[in-house]
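Data first, discussion second: the structure below is written as structure tokens.
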Amino acid sequence: MHGKHQQQQMAAAAPKGCVTVRVGLEGEEQRRFAVPLGHLKHPLFGALLEEAEREYGFRHQGAIAIPCRVDRFVQVEHLIGQDLHGTSSCAQHLVDLDSGAAHHHLHLPRFVGCFRA
């Protein structure tokens, strides 16, 4: 039964208007998130992509992989959502594809960074 549950989770696809991003530092459990396409052009997400390029190289194949702690990534996405959508209830939200949970209405501290110095 456990194997079937894992297969169902792996089959979860990003909803329309989103892209799948794999997040986690080396040695940390990787999680998959559906990120709204509009978030990709935000400067904070651009900084995450630059870090991914430094870590994995420009020619990395497969899903977008972000070398960042999962909790920090959720914080960054929350800030991006606030910046782009304010408190709009109709805004698209980050979805954890491995748990099916939507991350919205979170009370998170200000972004403290997941970027290396």
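The values are calculated or read from the model by the stated rules, or taken from the named source; none is laboratory data. Worth saying up front: this structure is predicted, and the values here are computed from it rather than measured. So basically every Cβ, Gly included, is an ideal-geometry build from the backbone, and we count neighbours across all protein chains shown. Heavy atoms of the whole protein, side chains included, go into the accessibility calculation; ligands, DNA and RNA do not. Shrake-Rupley method; radii C 1.70, N 1.55, O 1.52, S 1.80 Å.
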Notebook entry, point to check: Among the residues of segment 26-50, which ones are open to solvent by less than 60 Å² (accessible area, probe 1.4 Å) and either at pLDDT below 90 or not in a helix (DSSP H, G or I) (or both)?
Noted result: Arg31, Arg32, Phe33, Ala34, Val35, Pro36, His42
Next item on the list: Go through segment 52-80 residue by residue and tally those that are assigned to a helix (DSSP H, G or I), surrounded by fewer than 19 Cβ atoms within 10 Å (Cβ to Cβ) and of a type in the set (Phe, Trp, Tyr).
Entry: 1
Margin query: Can you pull out every residue in segment 70-111 that is farther than 22 Å from Arg22 by Cβ and at pLDDT below 60?
Written below: Thr87, Ser88, Ser89, Cys90, Ala91, His105, His107, Pro109, Arg110
Next item on the list: Would you be able to tell me the number of residues in segment 47-78 that are among the hydrophobic types (A, V, I, L, M, F, W, C) and over 15 Å from the mean Cα position of the chain (by Cα)?
Entry: 1
